[in-house]
Structures are given as C-alpha cells and as structure tokens.
1. Out of all the residues in the range 227-253, which are in a loop (DSSP other than H, G, I, E, B), in contact with a Gly (Cβ under 6 Å, 6 or more places away or on another chain) and either open to solvent by less than 20 Å² (accessible area, probe 1.4 Å) or aliphatic (A, V, I, L, M) (or both)?
2. What pairs come up if the first residue lies in the range 288-299 and is under 20 Å from D317 (Cα atoms), the second is open to solvent by 70 Å² or more (accessible area, probe 1.4 Å) and assigned to a helix (DSSP H, G or I), and their beta carbons are under 9 Å apart, counting only those six or more places apart or on different chains?
3. Of all residues in the range 230-278, which are among the charged types (D, E, K, R) and more than 30 Å from L215 (Cβ to Cβ)?
4. Give the residue that is surrounded by the fewest Cβ atoms within 10 Å (Cβ to Cβ), with candidates limited to residues of the range 344-368 that are without any contact (Cβ under 8 Å) to a residue 24 or more places away in the chain and over 18 Å from Q324 (Cα atoms).
5. What is the one condition in (1) surrounded by fewer than 16 Cβ atoms within 10 Å (Cβ to Cβ); (2) in contact with an Asp or Glu (Cβ under 9 Å, 6 or more places away or on another chain) that V323 does not satisfy?
6. Residues in the range 147-161: is at least one open to solvent by less than 40 Å² (accessible area, probe 1.4 Å) and under 20 Å from P90 (Cα atoms)?
7. So, in the range 255-307, exactly how many residues are in contact with a helix residue (DSSP H, G or I) (Cβ under 8 Å, 6 or more places away or on another chain), hydroxyl-bearing (S, T, Y) and either at positive phi or open to solvent by 20 Å² or more (accessible area, probe 1.4 Å) (or both)?
Amino acid sequence: MAETPVIVLDGAEGRDLTKLDEFRAVGGYAQLERARGMAPADIINELNTANLRGRGGAFFPTGKKMQFIPPMEQIPKPHYVCVNADESEPGTFKDREIMQRVPHRLIEGSLIAAYAIDSQHVFIYIRGEYLAEFEVLRAALDEARDAGLLGGVTVVLHRGAGAYICGEESGLLESLEGKRGQARSRPPFPAVSGLYASPTLINNVETLATIPKVLEMGGAEYAKIGAPPDSTGTRLFCLSGNVVRGGNYELPMGITIGELIYDVGGGMKDGRPLKAVIPGGSSFPILTAGQIDTRLTYDEMAKVGTFLGSGVVIAIDDRCCIVQLGLRVAQFYMHESCGKCTPCREGTRWLVQILEKVEAGEAEQSELDLLLSVCDRILGKCLCPLGDAAAMPIASYVDKFRDEFQRHVDERGCPFGGESSLEGLFAPVDQHTHHPVAADVPA
C-alpha cells in the first residue's frame, strides 16, 4: 500500500499532542487563524471541493450541510454547532481516540465550522461513559481558552447520560435541551430548527477533526486521496473481533475489507477461518467471508447491500453462532429503544422473543418467516434509524445464514452448544433485565 497521509491523529513522534504547546509546534491552530481571514463561503467551497463527507455514518457532504444553515438575516436567531461525540454504535471506538490523543484537533475543527456558519456557540455532546476523554478534552479546552484561541466563541462540554438514542441527532438535541432523549419528527430539520429551535450544524468528532487538514492540504489535493469521487480522504477504521491486531487504523478509503483484516490486522486469531464480517457497526447488514474483496467505499458497500457506516469492521470466526449474535444485537436495540415509536418499541421485543426461542431450540418452522415479517414491519416505519438498526442486521443474518437458523429448528437446539467466539465480541445481556453486563469497547 502507498504511504498514507496522516489526516486525523497527526501523531508526531515523541510529542504529547494533548498539550497546546506541543500541538502548536506541529502546526496546530494555524488553519484556524487562516480560516478566520477567509470568507466563510471560501471555507465551505474547500470542503465541497474535497468532498469531505460525514464520518459518523450518514456520509452526507460536510460543506453542503453547512450551506443548509440559513443566513442570519433570513432567520435572526443564534446559530449553533453541535459536536456528536456520543459514539454509542457497538464496534465504534475511533472518536474516543481522537479526543484522547488530539483533542485540540477537534477543538480547532469545531471553531472553524463555527466561523463558517456564523456561530458563536459550540456544544460538544460527549458520551457519559467517556470520563477519561472528557477530562482530556476539558483540559485542552481550558488551555485554548486561556490562550485566547476561542475568539469569542462559547464552547460547552456536555456529558450525556448513556443512551444509544442520543447518538441520533434529534435525540441528541432533545437531551442537550434537558429533555428525555427521544427522536423528533422531521421536518423541520436541524439546519433550520435544531437546538433551541435555531439553525444548528451537527457533525461527529472525526468529521470536524479532519477539517483543519483539508484546509492545510487544499480541497483539490485532499480529494485525490482515497477512492474519488465519492469516497475521498482517509478514515479511521475500527477493526475488532477475532483478529490478531484489532485497533484504530487511519487508511485511505478504498482499501478492501480483506486487506484491512489480513494485511493490517494480522489475520484471524489462531489461524481460524473467517466466517463473517460486520461492517459499519452492529446496526448494518452482515457480509460473508466471500465478500471481503469489497472496497471500503460508500458506493461499493452499497452494491453488496450494506453500508460503510462509522468505519467499523468486526471480523467473526467459524466458532460464532449467528443466531446467538442476532439475539445479542436484538437485545441491545430493544434495551436502547426510547419507546416513542410503536414499531420500534414492540418490534424489537418481538425480535428478541423469537430469537430466544430459536436459540433455545423451541421455535417452530413458521417462526423463521415470522422473524422476517417482524423486520419488515419495523423497517422504514420509525421516527429515527434505531428501529432499522435492529431490523436490518437481523434480516441479513437470516438471509446470509438461513441454514444455521434452520439447524436450530431441525436439531431442536444450538449446534454450537451455547459455546461460541462471541465472548469478547458482544457483551452478553442479562436475560431478566435485558441490560448489557459488560462493555464492547476495546481497551
């Protein structure tokens, strides 16, 4: 593979980039100073030229999202920048590393975004469990404030309360306003009526942390990295599962799943066969071992029926029971449903009940078709993507591994005997409370 430009982590050997002086020594905040001398429209044009797209999962063009923010004279209300640092998608652990290792890169990118949309207010909504990351980010923010780098912008760190739904942008806004984290009906969209019913830009940590590097390189040069035209630049890929070297890897978009697992991650532990890959995060359709030549781009992942998501690749070996995997995924989303939508509230519970019967060998043949029917009744019928996040993967498990589900029915029990490589991949869930009993985040 060609040498990869370091876009996000900017790891300078021997330097502690959590410290302001060390960060400035490698060019930190230079692009913020430069941006404040540019016209906001020119900043947005650079992002559009780079085709920088959201790194949180939706993959929406960052510059275009900024252009949706109406001018102050059109809607005379404050403009807000909200940083989605909730990172609650199972299998995702990249934003936490950015905040731990280069917090000033996030702050710089957030301030540039604020300048581009004429905002004086930045809110960083950070996952409540990320205490260490919060402390690092707070110390960095204090340094930046004391150095006069905020330029009159108020930056607020807000710790979330540990709900998956608050990673969804409208649920995040509700929580930030002090309300229960639940999805909002749309329209209106956040760009017009977001935080406090005012125009709001919402981006995730990796997206904003990339902005300074785009300005430094220039949009046209950035657009040459990766797999133009749709998937430019680098991504932080979160590799985990039954691999030798799991972790975060910043690589050009367009690398194949197989290259990431075998060339970068060292292959499967103990040389075991690869059975399946969960791409994007636990909420996306699964891929089989025969699909690992797929390139990690938006278009090519869509062609095989799944999504690039937040850059997750979870490699699963031959010991994994797919039914057990489906049960744990369904339990997670049932527990995390906010309960506002009937298809999600009731449908996720149905999925769990049916999968529990299949795993226990108590399901009838008709219940396999019922499982898919429940997925159909959830998909596209909820206020936010959480319902889809439960139904899409389950439907794909049945589609790709129907024979394994069938064996559970025919053999009246789990052919894996309840033992599988899932331990350490997805946290088991207490069968009475349905609460996760361990975290699925690599140390």
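The values are calculated or read from the model by the stated rules, or taken from the named source; none is laboratory data. Since we're looking at a predicted model, the values are computed, not measured. Methodologically, a virtual Cβ is constructed for each residue, glycine included, from the backbone with ideal geometry; neighbour enumeration extends over all protein chains shown. Accessible surface is based on the protein model in full, side chains and every heavy atom, while ligands, DNA and RNA are left aside. Shrake-Rupley method; radii C 1.70, N 1.55, O 1.52, S 1.80 Å.
1. Just the residues of the range 227-253 that are in a loop (DSSP other than H, G, I, E, B), to begin with: 228-230, 233, 242, 244-246, 253.
Within this subset, residues satisfying the condition of being in contact with a Gly (Cβ under 6 Å, 6 or more places away or on another chain) are 233, 244-245, 253.
Those that are in a loop (DSSP other than H, G, I, E, B), in contact with a Gly (Cβ under 6 Å, 6 or more places away or on another chain) and either open to solvent by less than 20 Å² (accessible area, probe 1.4 Å) or aliphatic (A, V, I, L, M) (or both): G233, V244, M253.
2. From the range 288-299, the pairs are I292/Y262; T294/K303.
3. Keep residues of the range 230-278 that are among the charged types (D, E, K, R), which gives 230, 235, 245, 250, 259, 263, 269-270, 272, 275.
Matches in the range 230-278: R245, D263, K269, D270, R272, K275.
4. Looking at residues that are without any contact (Cβ under 8 Å) to a residue 24 or more places away in the chain and over 18 Å from Q324 (Cα atoms), I get S366.
5. (1)
6. Scanning the range 147-161, I find at least one residue that is open to solvent by less than 40 Å² (accessible area, probe 1.4 Å) and under 20 Å from P90 (Cα atoms), so the answer is yes.
7. The total comes to 1.
Per-residue answers, yes or no, for (1) under 16 Å from the mean Cα position of the chain (by Cα); (2) in contact (Cβ under 8 Å) with a residue 60 or more places away in the chain; (3) part of a loop (DSSP other than H, G, I, E, B):
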position	(1), (2), (3)
I278	yes, yes, no
S282	yes, yes, yes
M301	yes, no, no
G305	no, yes, yes
G309	yes, yes, yes
I314	yes, yes, no
